[in-house]
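S.K.: Could you have a look at this structure, given as structure tokens, before my questions?
The values are calculated or read from the model by the stated rules, or taken from the named source; none is laboratory data. Just so we're clear, the structure is a prediction, and the values are computed from it rather than from any experiment. We place every Cβ from the backbone using ideal geometry, glycine too, and count neighbours over all the protein chains shown. Side chains included, ligands, DNA and RNA excluded: accessible areas come from the protein's heavy atoms. Shrake-Rupley method; radii C 1.70, N 1.55, O 1.52, S 1.80 Å.
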Amino acid sequence: MARALYLDHAATAPLDPRVADAMAACLADPELQANPASAHAAGRAAAEQVALARGQVARLVNASPEAIVFTSGATESVNLAALGAVRACGPGRRHVVTSRIEHRAGLDACRQLEREGHEVTWLAPGRDGLIRAEQVAAALREDTALVSLMHANNEIGTLTDIGAVAGLCEARGITFHTDAAQSVGKVAVDCAVPGIALLSFCAHKLGGPKGVGALYVRRRPRPQVQPLQFGGGHEGGLRSGTLALHQLAGFGLACELAGAALGEEPARIRTLRERLWQQLQAAAPLWRNGAAEPSVPGILSVGFAGIEGESLLLELDGEIAASSGAACSSATGEPSYVLRSLGRSDEAIQATLRLSLGRGTTAQDIDRAASVIVRAVARLRAALPAGALERIA
Amino acid sequence: MSAPATRYSATVRSHFRSLAGAGDLPPAAGAAVSGEAVALDRLAWVRFAVRIDAGRIVDCRFRAFGCPHTLAAASLVAGRLRGAPIDALPAFDAGTLACELDAPAEKMGRLLVVEDALRHLLANAHRVQ
């Protein structure tokens, strides 16, 4: 049997072979074995490698290298941004604005802030999955410390107008953080947009290694951020811990490669996604979760009437690797809270498939995927009791 | 995520792949009887239909919505009922189905729906007799 078609790039993108080579070379290089924080010549050589990676990462998001804080991934970046920024504000500013469709990292960090006595306003998306700047404006208060909204949603791909939200925050002197793990390297992301104070992203969504990410921390004016861990004062005191040189080498190159592909790749991926959506019409009745636009190019969340999600995944097993509505939000298998926020029923949520395309996806892949999915849906529907197709949607 | 290969027994996979007995009864001699159970909160809906002729189930078909274990259980039951004398039908409950399919404990709720559909069918079948 041919290798399963990988349509789960939103969960993680395959490591680019060029990145793997660079990481292996870094690990094996006898000149790069020292601690980058050491003052001796070997340490300085390692520090140069860190500086190279920092520059590559910074360029992808139009930031200065000094504004990049390396972390273990987007989850840590989001936690550092949300917890760190609000805790640093002190007792006068105890209010946070976020949304119900954030990644679990953002949701759980804000729940922790609630436990610490902060008040959180949870914005609900429209049925199109969009959080609008007007909602944010209406939620802001005198004591708002932080607005934290994801740029691209990881389940439905919709994009928040972070420029508009950042502008609102800028005008009120409120720190704005965005979780851009699903958008960096997929669409142009510009940290120089006025009002963006903090921006989280990671390597493994854009062809880099797992276990490394970054938090952009604006230089001027620099938002107050309290560190979450303490040690050697690395990364400007915000993230202590010896830097993993090979991870950073991989992250840096992955960012460079993603940046080089930003010219044409988003349009190509978007065209493929719409081709997939059109071909899936052969499996109607079906629905699309979230607005088609504005969105990142590679994510298509689609539900099929009368389909039980686990059976669909088994039907596709070995042919397509994708995520279900039941499982892609967490490791618990609970129905997706993102889709529930859009007003979907539990039956509709579990009948959802998230298909996410990436750099390696071809038109042939899309045609094959559509054919496999249409066939699988038809086979399962052929066994349905009368009336099930109408009731399970 | 992809469905993990180790989550389903060979029996489940075999029935799921073939869905033998899925569909409607073809026209034939004898009485057609059905039994159904629906529990959408458990994502399970099962309907059995049998044709009874001369005190024997001469054909059995099922229709089902549910997880692979639900579909496999319905297929397994349909296969066993076919040809069975109405007075000596094989006994199936959720526990025996779970054993036969090597189903995990969390699937019991769904297998109970299969059991309920079967009970409904048998009650209707005895009424016809």
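S.K.: Given the options B:A78, B:A37, B:A91, which has the most mean-square fluctuation in a GNM of chain B, springs set between C-alpha atoms less than 10 angstrom apart?
M.R.: Looking only at B:A78, B:A37, B:A91, the largest GNM fluctuation is found for B:A91.
S.K.: Using a 1.4 Å probe over the heavy atoms of the protein chains, calculate the carbon and sulfur portion of the accessible area of chain A as a whole percent. Could you put the intermediate results ahead of the total?
M.R.: Working: 7970 of 14850 Å².
C and S fraction of accessible area: 54 percent.
S.K.: Let me ask another. Using 1/(1 + (r/R0)^6) with R0 = 30 angstrom and r between the beta carbons of A:R275 and A:D108, what's the FRET efficiency to the nearest 0.05? Before the final figure, lay out each step's value.
M.R.: Details: r = 36 Å, r/R0 = 1.21.
My answer for the efficiency is 0.25.
S.K.: Also, quick follow-up: Write down the radius of gyration of region A:202-350 and its Dmax, each obtained from C-alpha positions, in Å.
M.R.: Both quantities, over Cα of region A:202-350: 20.1, 59 Å.
S.K.: Across the Cα atoms of region B:81-129, what radius of gyration and what greatest pairwise Cα-Cα distance (Dmax) are found, in Å?
M.R.: Calculated on Cα positions, Rg and Dmax stand at 12.1, 37 Å.
S.K.: If you don't mind, there's one more thing I want to ask. Calculate the FRET efficiency for A:R127 and B:A39 from the Cβ-Cβ distance with a Förster distance of 22 Å, rounded to the nearest 0.05. Could the numbers behind the result be given before it?
M.R.: Numbers: r = 28 Å, r/R0 = 1.27.
Approximately 0.20, to the nearest 0.05.
S.K.: Could I ask something else about it? Just by accessible area at a 1.4 angstrom probe, what is the order of B:M108, A:M23 from largest to smallest? Can you show the working numbers first?
M.R.: Details: B:M108 65, A:M23 20 Å².
Most to least solvent-accessible, the answer reads B:M108, A:M23.
S.K.: What is the spin-label model distance, in nm, from A:A88 to A:E116 if the labels are put 7 Å beyond Cα along the C-beta direction?
M.R.: 1.2
S.K.: Could you pull the Cα extents of region A:263-391 along its three principal axes, largest to smallest, in whole Å?
M.R.: Here the spans come out as 48, 30, 24 Å, largest first.
S.K.: Please list the equivalent ellipsoid semi-axes of chain A, computed as the square roots of five times the alpha-carbon gyration tensor eigenvalues, in descending order and whole angstrom. Provide the component values of the computation, followed by the final result.
M.R.: Details: eigenvalues 266, 147, 55 Å².
In descending order, the three semi-axes are 36, 27, 17 Å.
S.K.: Ok, one more. Looking at chain B, I'd like the Rg to Rh ratio, where Rg is from alpha-carbon atoms and Rh is Kirkwood's inverse mean 1/r. Please list the in-between numbers first.
M.R.: On the way: Rg = 14.3 Å, Rh = 14.6 Å.
Dividing the radius of gyration by the Kirkwood radius yields 0.98.
S.K.: Tell me, what is a quarter of the convex hull surface for the C-alpha atoms of region A:165-236, in nm² with one decimal?
M.R.: Result: 5.6 nm².
S.K.: Let me know the mean shielding of A:292-301 by other chains, meaning the per-residue number of their Cβ atoms within 10 Å of its Cβ. Before the final figure, lay out each step's value.
M.R.: Values: counts 0, 0, 0, 0, 0, 0, 0, 0, 0, 0.
Per residue, the number of nearby Cβ atoms from other chains is 0 on average.
S.K.: Of the residues B:G55, B:G30, B:G95, which exhibits the maximal mean-square fluctuation in a Gaussian network model of chain B defined by a 10 Å Cα contact cut-off?
M.R.: The residue that fluctuates most here is B:G55.
S.K.: Using the Cα atoms of region A:142-270 to build a convex hull, what is its mean projected area in square nanometres? Numbers along the way, then the final one.
M.R.: Details: hull surface 35.6 nm².
With every direction weighted equally, the projected area is 8.9 nm².
S.K.: Rounded to two decimals, what ratio of Rg to Rh does region A:111-168 give with C-alpha atoms and a Kirkwood Rh?
M.R.: Values: Rg = 12.2 Å, Rh = 12.5 Å.
My calculation puts Rg/Rh at 0.97.
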